[in-house]
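Peer 1: Let me give you the structure first, and then I'll get to my questions.
The values are calculated or read from the model by the stated rules, or taken from the named source; none is laboratory data. Keep in mind that this is a model prediction, so the values were computed, not measured. Please note: Cβ atoms are built from the backbone with ideal geometry, for glycine as well, and neighbour counts cover all protein chains shown.
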């Protein structure tokens, strides 16, 4: 299943010097590289469990589509607070990140929401930094996870 | 019987001037990587010179965050407090049950006390403030017919290696205008032991045993550390910890 919300092609190029209202963070990146880009739109990953389960830790992997296309590997620590480490592999490079989220809802489908922070990358995303909104649902019968990151203009590469 | 009350230590931390707590924890089964049922037993002892401990107002049970409580197959449905009050735990869906237990209470009557053994049913509750929640339905019938619903929530702690189950205990007067009922023993099992869930398939409802609480594939050399901290109406507190090993 694929859910896609894009602004243009999902990769919005910004000429930093032409936008005086741009944040200082983006400006500093742009001055060094001439161009900076933000990851916008929604990337949705459908992950399945990679056994074995390690107590409260789930290892998951699966395809991602939308603003990013490729695969995701995730290590999720579940509990009173959900945290995770992610590797998103795309043709253009990899994105590494971590996230934390509060659980919501009750019952078989446990949803969670929080934030994703990019911690590093390779290729096109070698300079990625910033954060995005993170949403997800875990099926507690199958341990399948649907994970969604929603760019809010703060994920810059 | 694979029950293993592996209590490497059970150390009451309170001085005799305060009430004391003694914690025992069991894992059944206790193999690394197993889907387990966790058993808790807490004994509450009075301060020196007192007949009963003060009334309990809260229980904080701290456990290692490496144990998969949140991703267990327990509590796939929820049960409302209203359902518990109107119909009891039997009115809850089978898939809301997470465990069972018992509570020994003492009702102060002058110089004497009357003890009452109550049964506890643990069911998944609707979320509370973005936290995974459960209800402890405690019911007794002799000598006092009573029902209490104790809310509990899973809470992150400052120490990332631990999280806690926080249970709020309401005050109950033993007799009108009298002293509050004291709790002297708590027992609870959280896990699939003795639970049956039902899954809807094309052939109807198929019974199954829910997945238990998940243990990591490697156990700490010193065992899993559990701590209980009790709060009392007197403002006093008592704590105890124990370690449980794997086979």
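Peer 1: Return the residues of the stretch B:167-186 that are more than 26 Å from residue B:86 (Cβ to Cβ) and either in contact with a strand residue (DSSP E or B) (Cβ under 6 Å, 6 or more places away or on another chain) or part of a strand (DSSP E or B) (or both); say none if nothing qualifies.
Peer 2: B:179, B:182, B:184, B:185
Peer 1: When only residues in the stretch B:92-102 that are closer than 12 Å to residue B:135 by Cβ and free of Cβ contacts under 8 Å to residues at least 60 places away in the same chain count, which is surrounded by the most Cβ atoms within 10 Å (Cβ to Cβ)?
Peer 2: It comes out as B:96.
Peer 1: Looking at the stretch A:91-123, which of its residues are touching a residue at least 24 places away in the same chain (Cβ under 8 Å) and away from chain B (no Cβ under 14 Å)?
Peer 2: A:92, A:93, A:94, A:95, A:96, A:99, A:116, A:118, A:120, A:121, A:122, A:123 - these are the residues of the stretch A:91-123 that are touching a residue at least 24 places away in the same chain (Cβ under 8 Å) and away from chain B (no Cβ under 14 Å).
Peer 1: Just to be sure before I move on: is residue A:98 in contact with a strand residue (DSSP E or B) (Cβ under 7 Å, 6 or more places away or on another chain) and not in a strand (DSSP E or B) in the structure I sent? Working first, answer last.
Peer 2: Working: in contact with a strand residue (DSSP E or B) (Cβ under 7 Å, 6 or more places away or on another chain): yes; not in a strand (DSSP E or B): no.
Judged against the criteria, residue A:98 is not a match.
Peer 1: Only one residue in B:164, B:217 is assigned to a loop (DSSP other than H, G, I, E, B) and either within 14 Å of another protein chain (Cβ to nearest Cβ) or modelled with pLDDT under 95 (or both). Which one? Steps first, please.
Peer 2: Working: B:164 fails: assigned to a loop (DSSP other than H, G, I, E, B).
The conditions single out B:217.
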